[in-house]
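K.L.:
Sending over a structure as C-alpha cells; questions will come in a sec.
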Amino acid sequence: MAIRKVGVVGCGLMGSGIAQVCAEAGYDVSVREVSDDLLKKGLGRIESFLKKGVEKGKIAPEKMRDVLGRLRGTTALADLSGSDIVIEAVVESLDAKREVYQALDKACPAHTIFASNTSSLSITEMAAVTKRPDRFVGLHFFNPVPLMKLVEVVRSPLTSKESLEAAYAFAKTLGKTPVKAGDKTGFIVNRLLVPYLLDAIRALEEGVGSVPDVDEGMRLGCGHPMGPFTLLDFVGLDTTYYIANIMFEEFKEKRFAPPPLLKRMVQAGLHGKKTSKGFYDYSQDPPVPTAGLV
Ligand SMILES: NC(=O)c1ccc[n+]([C@@H]2O[C@H](COP(=O)([O-])OP(=O)(O)OC[C@H]3O[C@@H](n4cnc5c(N)ncnc54)[C@H](O)[C@@H]3O)[C@@H](O)[C@H]2O)c1
C-alpha cells in the first residue's frame with residue numbers, strides 16, 4: 001500500500017495543519033473546502049505559518065516554495081479521487097462527516113484509505129456508511145499540527161491489520177510519533193485530559209482556587225507547560241463542551257459531564273482565545289483573568 005498522494009477534506013484549523021505537514025513530508029496534497037473564501041483562508045494560514053518560519057530562519061525559502069507547490073486547493077470532492085489516503089478534518093458533526101464519507105466512497109478507488117481526525121466521534125460509526133470499513137482508521141492529530149508530535153492511530157473492530165499498519169507508517173513519515181488506540185470515545189489523550197479539564201472548572205466553581213492560582217499550581221506543582229484554564233482557552237470552550245457531551249453520552253459517567261460554568265460560558269460566547277475571551281481576557285496584554293465568572 002504505497003502512499004504518494006494525499007487528500008485532505010476541510011482546510012480549517014486542523015485540516016490546514018494536516019495538509020501542511022503532508023506537503024512538507026513530500027506528498028502531493030489536494031485539500032478540499034466548501035467555498036473559495038474558506039479555501040483561500042485555509043491556504044493563507046499555511047502560507048503565513050511557512051513565511052514566519054522563513055523569517056525566523058527555520059525554513060529555507062526554496063523549501064517553502066516546494067511545499068506550497070505540492071499543495072492544491074479545490075472545492076470539488078471529486079478532485080481527491082486520485083488520493084491513496086484521504087484525511088478528513090471537517091467540523092465535529094456525525095452528519096457532516098457521514099455525508100463526506102458517502103461521497104468520498106463513490107469518488108475514490110478501492111485501495112484509498114480513509115482516515116478521520118475526529119476527537120470524539122466513533123470511527124466504527126463513520127466506517128459503517130462506506131463499503132471499505134476495513135480501510136478506515138482514525139488519525140487524530142493535535143493542535144497546532146505542525147508543532148505537536150503525537151498522532152493517535154485508531155482502529156475500529158473492522159479495520160484491517162494492513163490498513164492500521166499503513167496509517168501508522170504514514171504518520172511516521174510525517175515526522176510524527178504515532179500511538180495506537182482503540183475506538184473508544186476520546187481515545188487515549190482526551191479520555192484522560194477531558195475529565196482533568198472539567199475538574200479544574202469544578203474546582204473553580206467550588207472556590208478551591210482562582211483561575212491564575214489553579215494554572216500556576218499545575219504548572220509549577222506538576223511541571224505542565226500550561227495550566228488547565230490556559231489550555232481550555234487554547235482548545236476552545238465550545239469544542240471542549242461538545243467533546244464532553246459526546247463522552248458523557250457514551251459513558252454516562254459524571255467525570256465527563258460538562259459543569260454548568262462551562263455551559264454558561266459557551267452560551268455567553270466566551271469560547272477562549274478564538275473569541276478573545278474565555279477564562280482569560282486576551283484583549284489585554286498580557287491577558288488578565290476574566291471578571292465575574294464565579
Ligand atoms: N481544534 C482542535 O484542537 C482539534 C484537535 C484535534 C482534532 N480536532 C478535530 O478536527 C476536526 C476539525 O476541527 P477544526 O478545529 O479544524 O475545525 P474548524 O472549524 O477550524 O475547521 C473545519 C473546516 O471544515 C470545513 N468543512 C465543513 N464541511 C466540509 C466539507 N463537506 N468538505 C470540506 N470542508 C468542510 C469547514 O468549512 C471548516 O473550515 C474535528 O473533527 C475536530 O474534532 C480538532
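K.L.:
Starting from the amide H of residue 85, placed 1.01 Å from N in the peptide plane, find each other amide H under 5 Å away whose residue is 5 or more places distant or on another chain.
P.N.:
Here the answer is 5, 7, 113, since their amide H atoms fall under 5 Å of that of residue 85.
K.L.:
Another question, if that's okay. List the lysines whose Cα sits under 16 Å from the Cα of residue 41, skipping any in the same chain fewer than 8 residues away.
P.N.:
Counting by Cα, and skipping residues close in sequence, residue 41 has these lysines nearby: 51, 274.
K.L.:
With an 8 Å Cα cut-off and a minimum separation of 6 or more residues, compute the relative contact order for segment 48-205 in percent. If you can, show how the numbers build up before the last one.
P.N.:
Numbers: 210 pairs, mean separation 25.0, N = 158.
Across segment 48-205, relative contact order equals 16 percent.
K.L.:
Taking a cut-off of 15 Å between Cα atoms, list the aspartates and glutamates near residue 263, but don't count ones fewer than 8 places away on the same chain.
P.N.:
Excluding near neighbours in sequence, the set is 199, 205, 233, 238.
K.L.:
Under a cut-off of 19 Å between alpha-carbon atoms, report the aspartates and glutamates in cross-link reach of residue 106, not counting same-chain residues fewer than 8 places apart.
P.N.:
33, 79, 84, 88, 95, 125, 134
K.L.:
Strictly over 21 Å apart at the Cα level, which of 58/176; 40/172; 149/277 would you flag in this model?
P.N.:
Numbers: 58/176 18 Å; 40/172 29 Å; 149/277 28 Å.
Exceeds cut-off: 40/172; 149/277.
K.L.:
I've got another one for you. No solvent, one uniform scatterer per C-alpha: report log10 I(q)/I(0) for segment 135-201 via the Debye equation at q = 0.26 1/Å, two decimals.
P.N.:
Taking Cα atoms of segment 135-201 as identical point scatterers yields -1.11.
K.L.:
Quick query: amide H of residue 174 versus all other amide H atoms, modeled in the peptide plane; which residues come in under 5 Å with a sequence gap of 5 or more or a different chain?
P.N.:
Close amide H contacts, sequence-distant or interchain: none at all.
K.L.:
Whole-Hz Karplus ³J(HN,Hα) for segment 208-221, in order, using 6.51 cos²θ - 1.76 cosθ + 1.60 and θ = phi - 60°, x for Gly and Pro?
P.N.:
So the Karplus estimates, Gly and Pro as x, are 5, x, 7, 4, x, 6, 5, 4, 4, x, 6, 5, 8, x Hz.
K.L.:
Also: Between rounded, prolate and oblate, where does segment 1-55 land on the alpha carbon gyration tensor, with a ≥ b ≥ c its root eigenvalues, rounded for a/c under 1.5, else prolate if a/b exceeds b/c?
P.N.:
On the way: a/c = 2.58, a/b = 1.16, b/c = 2.24.
Since a/c reaches 1.5 but b/c is at least a/b, the shape of segment 1-55 is classed as oblate.
K.L.:
Using DSSP, restrict attention to beta bridges with both residues in the chain and report what percent are antiparallel, rounded to the nearest 5. Spell out each step's value before the answer.
P.N.:
Details: 8 of 34 bridges.
Beta bridges within the chain, antiparallel portion: roughly 25 percent.
K.L.:
What are the ³J(HN,Hα) values, in whole Hz, obtained from phi via the Karplus relation 6.51 cos²θ - 1.76 cosθ + 1.60 with θ = phi - 60°, for each residue of segment 157-167 in sequence order, with x given for Gly and Pro?
P.N.:
Per residue, the Karplus-derived 3J(HN,Hα) values read x, 9, 5, 6, 4, 4, 5, 4, 5, 5, 5 Hz.
K.L.:
Provide the packing ranking of 70-81, 113-124, i.e. peptides ordered by the mean count of other C-beta atoms within 10 Å per residue, highest first. Mind dumping the intermediate values first?
P.N.:
Working: 70-81: 17.1, 113-124: 24.2.
Highest to lowest by the protection proxy: 113-124, 70-81.
K.L.:
Given H placed on each backbone N at 1.01 Å, which residues far from residue 73 in sequence or on other chains put an amide H within less than 5 Å of it?
P.N.:
Here the answer is 31, since their amide H atoms fall under 5 Å of that of residue 73.
K.L.:
Here's a follow-up. Of all the accessible heavy-atom surface of the chain, with the other protein chains kept in place and a 1.4 Å probe, what percent is carbon and sulfur? Intermediate values should be presented prior to the final figure.
P.N.:
Numbers: 7720 of 13990 Å².
Here it works out to 55 percent.
K.L.:
Per-residue ellipticity at 222 nm for the chain, helices alone: DSSP H runs ≥ 4 residues times -39500 (n - 2.57), over residue total, nearest 500 deg cm²/dmol?
P.N.:
Details: 11 runs with 133 residues, N = 294.
Helix contribution divided over all residues of the chain: -14000 deg cm²/dmol.
K.L.:
What shape does segment 168-294 take by its C-alpha gyration tensor, where a ≥ b ≥ c are the square roots of the eigenvalues and a/c under 1.5 counts as rounded, a/b above b/c as prolate, and the rest as oblate? Before the final figure, lay out each step's value.
P.N.:
Numbers: a/c = 1.77, a/b = 1.41, b/c = 1.25.
Judged from the Cα gyration tensor, segment 168-294 comes out prolate (a/c at least 1.5, a/b above b/c).
K.L.:
A further question follows. For 283, 83, write out the residues from largest to smallest accessible area, computed with a 1.4 angstrom probe and no ligands counted. Intermediate values should be presented prior to the final figure.
P.N.:
Working: 283 80, 83 5 Å².
Ranking 283, 83 by accessible area, largest first, yields 283, 83.
K.L.:
Calculate, for segment 240-294, the solvent-accessible area per residue in square angstrom, rolling a 1.4 angstrom probe over the heavy atoms of the protein chains.
P.N.:
Details: 3230 Å² over 55 residues.
About 59 Å² of surface per residue is accessible.
K.L.:
Can you tell me which of 144-155, 169-180, 215-226 comes out highest on packing, and rank the rest after it, using the mean Cβ neighbours within 10 Å? Could you put the intermediate results ahead of the total?
P.N.:
Numbers: 144-155: 18.5, 169-180: 16.8, 215-226: 13.2.
My ranking of the peptides, most packed first, is 144-155, 169-180, 215-226.
K.L.:
Here's another thing I want to ask about it. Using θ = phi - 60° and the Karplus form 6.51 cos²θ - 1.76 cosθ + 1.60, what ³J(HN,Hα) does each residue of segment 7-14 get, whole Hz, x for Gly and Pro?
P.N.:
x, 10, 9, x, 10, x, 3, 7
K.L.:
While we're here: Give the accessible surface of segment 184-223 per residue, rounded to a whole number of Å², with probe radius 1.4 Å and ligands, DNA and RNA excluded. Before the final figure, lay out each step's value.
P.N.:
Values: 2030 Å² over 40 residues.
Normalised by residue count, the accessible surface of segment 184-223 is 51 Å².
K.L.:
Further, regarding this structure: Please compute the contact order of the chain in relative form: average sequence separation of alpha-carbon pairs under 8 Å and at least six residues apart, divided by the residue count, as a percent. Write down the numbers at each step before the final one.
P.N.:
On the way: 513 pairs, mean separation 37.3, N = 294.
Relative CO of the chain lands at 13 percent.
The values are calculated or read from the model by the stated rules, or taken from the named source; none is laboratory data. Everything numeric in this text was worked out from a predicted model, so none of it was measured. A quick note on method: Cβ atoms are made from the backbone with ideal geometry, for glycine too, and the neighbour counts reach across all protein chains shown. Heavy atoms of the whole protein, side chains included, go into the accessibility calculation; ligands, DNA and RNA do not. Shrake-Rupley method; radii C 1.70, N 1.55, O 1.52, S 1.80 Å.
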